[in-house]
Structure formats: structure tokens, C-alpha cells
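Here's the structure we're looking at; comments come further down.
The values are calculated or read from the model by the stated rules, or taken from the named source; none is laboratory data. These figures come from a predicted structure and were not determined experimentally. Cβ: placed from backbone, ideal geometry, glycine included. Neighbour counts: every protein chain shown. SASA here: full protein model, heavy atoms, side chains in, ligands and nucleic acids out. Shrake-Rupley method; radii C 1.70, N 1.55, O 1.52, S 1.80 Å.
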Amino acid sequence: MRTRITIATVTAALAVALVGCSSDESGDETSDDAAKTTASATASEVTPDQPSATVTAVGIPPVPTGADREVLLRALAAANPDTVKYEDKAIDAARNQCSAVESGKADWLASQRFTYKDVTTTEAQGKQINAALEGLGFCKV
């Protein structure tokens, strides 16, 4: 029952949003300028180097760069060499794993987060990844 109500609510909200997005051919360019200004202000507030308050609140650290990135990749490769085959994916998985390090299922979650494309990570390797993240202090935001 709740699912039906939720779906109906989401559908209604999307319908209202679509009506609000209809084109206005009256030539009113001030609203377009305001929208562009708002969009650029929003884009400049959060950069990949500076995570949003929400991301920081759940314990996800900023994207490591330079030497910090290399140290993290070496630590991940020590646990499972295949995980760094796709470096950006491995960095994203490591950042996301920080939100689970405190939970009781962190090893299993690591095995899931670091399994992608043609890379498979076992739960034992997930445990090693968690130990590496904690040893580096990577997850301390």
C-alpha cells in the first residue's frame, strides 16, 4: 500500500515539475539569466576537492591528490592488486567505504564496493582493505 502511495506521489511531483519546465516564448530573458547565475553559483559551491557538508557528515573524505592518491592506491593494491586496475573507480570505492568502516559489515561491504567490471574482491581482501584505510587514517574527515 505504501509503495502505491509513494509511486503516486512521485508521479504527481514529476508531472508538476514537467509543467513548470514548459518553454516560455514571451522573450523574458531575465529569468534565464537568473537561472544561469543560480546554476553557476551552485556549481562553484561544491568542487571535487571540497566535498559538500552532506558527504562530509557521512564520513566520506575528499578526493586524494598527488602523493596521497599514490599512497592510497599502493595500499589498495597490497590487499588486492586488481582493485587499482581502474584507479578512479578504486578511489571512489575507497571514499565510499569510509562510511562503512565503523559498521559491523564493513568487510563484506568492501568486498562488494571493490568488485567491479572484471575485478573480484573477496571478503578477506575486503578486511585487508579496511585495515589499510584505517592504517592510513584515510577515513578521518
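A few notes on this one:
- Evaluation of residue 125 against the conditions (1) touching a Ser or Thr at 6+ places or on another chain (Cβ under 6 Å); (2) part of a helix (DSSP H, G or I); (3) touching a residue at least 40 places away in the same chain (Cβ under 8 Å) shows that the sole unmet condition is (1).
- For the residues 77, 100, the requirement of being surrounded by 13 or more Cβ atoms within 10 Å (Cβ to Cβ), at pLDDT 95 or above and under 21 Å from residue 125 (Cα atoms) singles out 77.
- The numbered conditions (1) open to solvent by 20 Å² or more (accessible area, probe 1.4 Å); (2) in contact with a strand residue (DSSP E or B) (Cβ under 8 Å, 6 or more places away or on another chain) are all true for residue 93 except (1).
- Members of the stretch 56-74 found to be modelled with pLDDT under 90 and surrounded by fewer than 17 Cβ atoms within 10 Å (Cβ to Cβ), listed by number: 56, 57, 58
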